[in-house]
Amino acid sequence: MNEIRVAIIGTGGISHAHLKGYLSQHGRCKITALCDIFPEKCTRLTEDLGMKNIDGITITKDYKTLLGRSDIDLVSICLPPSLHCEVSCAFLLAGKNVLCEKPMAASLEEADRMLEAEKKSGKMLGIISQNRFYRDAWTVKKMLDKGIFGKVFLTRVNSMWYRGSNYYDLWWRGTWEKEGGGCILNHAVHQIDMLSWFVGKLPDKVTAMFSNLAHKNSEVEDTGLALLSYPGALAEINVSLNDMDERQYVQFQCEKASVSIPWAVKCMKQLPNGFPAADPESEEKFNKLFADYPELKFTGHDGEIENVLDYLEGKNTLEVTSRQGRNALELIYAVYKSAATGSPVTLPVAQDDPFYTKDGTLSSVPRFYKKLKSIDNAEGDITLGSAAK
């Protein structure tokens, strides 16, 4: 494939990471179109990233005007979750490859429609999961796959964030209808995707609870806890938007070591009475093994976009597939079902389950508060967290 021609749909905060990722690839791709219901945000996006010459780049308010364009090969979808399915399917069926922001969709039924559109079109549907593309996560995944640490007994996922009360003033945030959920869907999706990636499968059973403790302009949860059961292993997920420390990590308790992302390793050996003693020799061995793995040339969104371009050029496999995006979503909606019903949930989530469809979920979840304040546009930078650096 020659120079890959790209359109970005939605030019809010996260689109900066997409455009920066494309620009980092130095001539492998070309931006041909930008789309936003607020067209002035398109110009601001290019200015923020130092694009002085935007001649030849179409700016439009309506993505449908781009569907028939022959000069678009790849489309980045940077829209609210409630629009991911509609817009992704439209571009796939128009013969375009699609890279869609997380979460993949606002229901499992929508995710399956996206998978069907991908299959019918023969085009690529990739899902953003940029935290896989940092050295610590990338390397620990390879070490776990090789069995270097032995069997994993317990995985602990912490997705801690801070978002103030103003966060939910933006029009599409804070409602089940438009956002699809709260922090479990829209923030912990990063770590939940990595959990599914590391383990390689979905759990058998989920038990969860959630609440909204501090965001009174939002229907959705700002705190959630879940326990997961796998054959021979357990996992826990903790997520909050009220943690000013914002510690995000994944920890594995294994036969030979406790390992964390960001990278840390701790080893113990047992004394004759079964109590622990420090094992610095094993820690030194694992630290050396970790250090022997190479750095990644591109990280975060840059790294995932590099992989997408490699895939489209036939140079590599796609690291984050649509099926993997759906797996993360299925686990999330199992968590929602358990939290909303107060009962354990077994997976998979069946197609006749209320939590398979958007309407079924909307009719089954609590509204913690009523959203009373709504603004069209929010100014200022966004932060992406530090989960896997």
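The values are calculated or read from the model by the stated rules, or taken from the named source; none is laboratory data. In this text the structure is predicted, and so the values were computed from the model without any measurement. Every residue, glycine among them, receives a Cβ derived from its backbone with ideal geometry; neighbour counts consider all protein chains shown. Calculation scope for accessible area: heavy atoms of the full protein, side chains included, ligands and nucleic acids excluded. Shrake-Rupley method; radii C 1.70, N 1.55, O 1.52, S 1.80 Å.
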Quick one: in region 51-85, which of the residues that are small (Gly, Ala, Ser) and within 20 Å of Lys178 (Cα to Cα) is most open to solvent (accessible area, probe 1.4 Å)? Ser82
As an exercise: evaluate Val140 against (1) modelled with pLDDT under 95; (2) crowded, with 20+ Cβ neighbours inside 10 Å; (3) not aromatic (Phe, Trp, Tyr) and give the number of the one condition it does not meet. (1)
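Each row is one residue, and each column tells you yes or no for (1) touching a Gly at 6+ places or on another chain (Cβ under 8 Å); (2) of a type outside the set (A, V, I, L, M).
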site: Pro203; (1), (2): no, yes
site: Met209; (1), (2): yes, no
site: Leu213; (1), (2): no, no
site: Phe252; (1), (2): no, yes
site: Pro262; (1), (2): no, yes
Sort out which residues of region 174-223 are closer than 17 Å to Ser364 by Cα, small (Gly, Ala, Ser) and touching a helix residue (DSSP H, G or I) at 6+ places or on another chain (Cβ under 8 Å), and write them in order of number. Gly174, Gly180, Gly181, Ala208, Ser218
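Go through region 89-133 and count every residue that is touching a residue at least 12 places away in the same chain (Cβ under 8 Å) and more than 16 Å from the chain's Cα centre (by Cα).
21
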Would you check which residues across region 159-169 are open to solvent by less than 20 Å² (accessible area, probe 1.4 Å) and either within 11 Å of Ile375 (Cα to Cα) or part of a loop (DSSP other than H, G, I, E, B) (or both) and list them? Trp161, Tyr168, Asp169
Of Gly325, Gly303, the only residue that is part of a helix (DSSP H, G or I), small (Gly, Ala, Ser) and farther than 19 Å from Ser82 by Cβ is Gly303
Do you know which residues across region 201-254 are buried (at least 17 other Cβ atoms within 10 Å of the Cβ) and small (Gly, Ala, Ser)? Ala208, Ser218, Gly224, Ala226, Ala235, Ser240
